[in-house]
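The values are calculated or read from the model by the stated rules, or taken from the named source; none is laboratory data. Given the structure is predicted, the values throughout are model-derived calculations rather than measurements. When we count neighbours, we look across all protein chains shown, and the Cβ atoms used for this are built from the backbone with ideal geometry, even at glycine.
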């Protein structure tokens with residue numbers, strides 16, 4: 001039987017673990033008979049090792065904060081330049097626990113780092129779900145506003161009063177109770193004369209250190225977040241950005257006035 | 001952070017390493033990773049949970065790299081520098097780079113991009129030929145030939161560099 005002949009191509013198959021197992025013995029025999037090919041194979045192996053030593057330190061570096069930000073916050077927010085907090089948060093977490101610590105802290109669910117993000121995410125989801133409802137847009141109608149405010153205050157655990165947005169042409173439709181992680185949130189729904197709806201999502205927010213304003217846009221809706229004295233709020237709607245921004249300022253002003261903080 | 005984002009986070013070190021093989025400047029490489037992460041977040045539904053997002057992410061980043069290279073070519077920017085250009089434009093290197101690794105990375109940049117990605121995806125990132133073919137959107141046979149040509153080119157360029165260094169010593 002004539003020994004099977006191999007080519008230089010097979011050196012790569014062998015090096016990359018792509019050679020069929022049944023060819024291996026014959027290949028080794030061929031290699032024994034071709035010292036030049038042995039040298040060549042060893043050279044490719046050494047080159048690969050060199051390349052690995054030059055490139056792999058990159059994979060061991062601490063992940064730059066801007067990449068953490070890109071992952072945690074959608075691009076719309078980054079472009080608006082509102083994400084310094086996420087970068088700082090990511091850097092702090094990496095400093096504390098490295099990647100493993102970060103993952104351990106983050107996988108189980110809603111942890112403080114992404115809280116504002118989580119609130120906006122929930123606010124957008126809830127808005128898209130209920131603003132399009134014809135008949136069941138709220139649990140409690142605006143006609144029972146007094147009862148609604150008391151009930152939601154009790155369930156969310158902070159004093160809540162639906163703010164008056166009539167200066168912006170929006171009337172209160174009513175409100176409902178929503179889950180946010182293991183806690184609760186209130187959603188107040190408003191509607192203008194042409195049928196546009198916006199909602200105000202309110203939950204407890206204990207992170208007093210970050211008193212920033214944030215915006216997220218996703219699935220055609222935009223949420224504007226702010227936090228003030230233990231309240232985390234997001235006003236959500238599908239109107240143009242400039243209008244949403246105007247509404248969020250008015251809602252902030254009116255909310256502060258309504259709950260008396 | 002949800003589990004999908006956590007799984008993507010775990011791939012960032014590898015994505016950065018691959019990006020450094022695609023682009024010599026560490027800033028440009030991280031820009032590419034950032035673009036890839038942003039793109040991935042908008043296409044989250046294309047990835048089935050349970051499966052590792054690695055191949056999916058590499059494919060996204062690779063496609064962005066190709067787009068970027070095409071745009072640069074249309075604008076008439078030199079996207080491929082020769083070794084001598086690389087030396088002339090020598091930039092402050094990243095902290096971890098030793099003179100030896102710097103030379104190797106410079107040489108790698110001189111390998112034609114389509115061959116370079118093949119030898120890195122398979123040789124460094126450990127993808128099979130079939131997986132690399134899927135990421136690059138080419139047949140497995142093409143990956144195979146790019147690997148053998150790429151390794152040959154890399155070897156020749158390393159030898160050229162070694163020869164050039166010898167000449168420099170002799171001239172002094």
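Remarks
- Every condition in (1) surrounded by 18 or more Cβ atoms within 10 Å (Cβ to Cβ); (2) without any contact (Cβ under 8 Å) to a residue 40 or more places away in the chain; (3) under 27 Å from the mean Cα position of the chain (by Cα) is met by residue A:173 except one, and the failing one is (3).
- Per-region count, the range A:1-21, residues closer than 25 Å to residue B:153 by Cα and not in a loop (DSSP other than H, G, I, E, B): 8
- Taking the listed residues B:72, B:29, the one that is out of contact with any strand residue (DSSP E or B) (no Cβ under 6 Å at 6 or more places or on another chain) and either within 30 Å of residue A:121 (Cα to Cα) or modelled with pLDDT of 90 or more (or both) is B:29, with no other qualifying.
- Residue within the range A:61-69 that is within 8 Å of chain B (Cβ to nearest Cβ), within 30 Å of residue A:121 (Cα to Cα), in contact with a helix residue (DSSP H, G or I) (Cβ under 8 Å, 6 or more places away or on another chain) and touching a residue at least 40 places away in the same chain (Cβ under 8 Å) present: no
- If you check B:14, B:39 for being closer than 30 Å to residue B:106 by Cα and within 8 Å of chain A (Cβ to nearest Cβ), only one passes: B:14.
- The helices (runs of 4 or more DSSP H) found wholly in the range B:91-172 and carrying at least 3 residues that are at pLDDT below 90 and more than 12 Å from every other protein chain (Cβ to nearest Cβ) occupy B:140-171.
- Unmet requirement for residue A:211, which otherwise passes all of (1) closer than 28 Å to residue A:154 by Cα; (2) modelled with pLDDT of 85 or more: (2)
- Scanning the range A:8-44 for residues that are at the interface with chain B (Cβ under 10 Å from one of its Cβ atoms) and touching a helix residue (DSSP H, G or I) at 6+ places or on another chain (Cβ under 9 Å) turns up A:8, A:9, A:10, A:11, A:12, A:13, A:15, A:16, A:18, A:40, A:43, A:44.
- Among the residues examined, residue A:24 does not qualify as surrounded by fewer than 19 Cβ atoms within 10 Å (Cβ to Cβ), out of contact with any strand residue (DSSP E or B) (no Cβ under 6 Å at 6 or more places or on another chain), at pLDDT 50 or above and closer than 22 Å to residue B:153 by Cβ.
- Condition check for residue B:22: modelled with pLDDT of 90 or more, out of contact with any strand residue (DSSP E or B) (no Cβ under 7 Å at 6 or more places or on another chain) and surrounded by 13 or more Cβ atoms within 10 Å (Cβ to Cβ): yes
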